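Notes follow the structure.
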Amino acid sequence: MQAVATLKMLRSTPQKTRLVADLIRGLGITEAENILRYANRRAAKPLLKLLQSAKANAVNNHDMFEDSLFVARVEVNEGPTLKRYLPRARGRADLLRKRTSHITITLEERSG
């Protein structure tokens, strides 16, 4: 049995978000929450909220036990890129790419 939660259009680059997602992959739910709560990264707070949402999905919708949950899979994919222009000298302009992320967290129950 799996419980899934997704977050789309997070205004953080996928590369920076993957650094935080790698910290919790394969861990138990309480240990993962503690790591995200004290991680000094901008993407940690949205990931913590997403992890709590996945936990609520598991407990309320799939009747799974909270104590036996662990993070089975964390996927961080690239979302659409917002393109903006930055004025530069002599009438030129540079392209700014504001990248977004799509995150999926899958929780499973440990057997035994």
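The values are calculated or read from the model by the stated rules, or taken from the named source; none is laboratory data. It should be emphasised that the depicted structure is a prediction, and the values quoted were computed from it without experimental measurement. Using ideal geometry, Cβ is built from the backbone for each residue, glycine included, and neighbour counts are taken over all protein chains shown.
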* Residue check, Lys55 against (1) loosely packed, with under 15 Cβ neighbours inside 10 Å; (2) outside any strand (DSSP E or B); (3) among the basic types (Lys, Arg), all met but one. Which one? -> (1)
* Asked: Could you list, in sequence order, the residues of region 62-104 that are loosely packed, with under 10 Cβ neighbours inside 10 Å, assigned to a strand (DSSP E or B) and of a type in the set (A, V, I, L, M)?
  -> Leu86, Leu95
* To do: Identify the residue in region 15-36 that is farther than 20 Å from Thr100 by Cα, part of a helix (DSSP H, G or I) and of a type outside the set (A, V, I, L, M) and, among all such residues, is nearest to the chain's Cα centre (by Cα).
  => Glu33
* To do: Six or more apart or on different chains, Cβ under 7 Å: which pairs go from a residue in region 11-25 that's free of Cβ contacts under 8 Å to residues at least 60 places away in the same chain to one that's assigned to a helix (DSSP H, G or I) and surrounded by 14 or more Cβ atoms within 10 Å (Cβ to Cβ)? Could you list them?
  => Val20/Ala44; Val20/Leu47; Leu23/Ile35; Ile24/Ala32; Ile24/Ile35; Ile24/Leu36
* Asked: For region 66-89, which residues satisfy the criterion of being among the small types (Gly, Ala, Ser) and closer than 13 Å to Thr13 by Cβ?
  -> Gly79
* To do: Would you tally the residues in region 28-49 being touching a residue at least 60 places away in the same chain (Cβ under 8 Å) and hydroxyl-bearing (Ser, Thr, Tyr)?
  => 0
* Does Gln15 qualify as being loosely packed, with under 13 Cβ neighbours inside 10 Å, at negative phi and at pLDDT 95 or above? -> yes
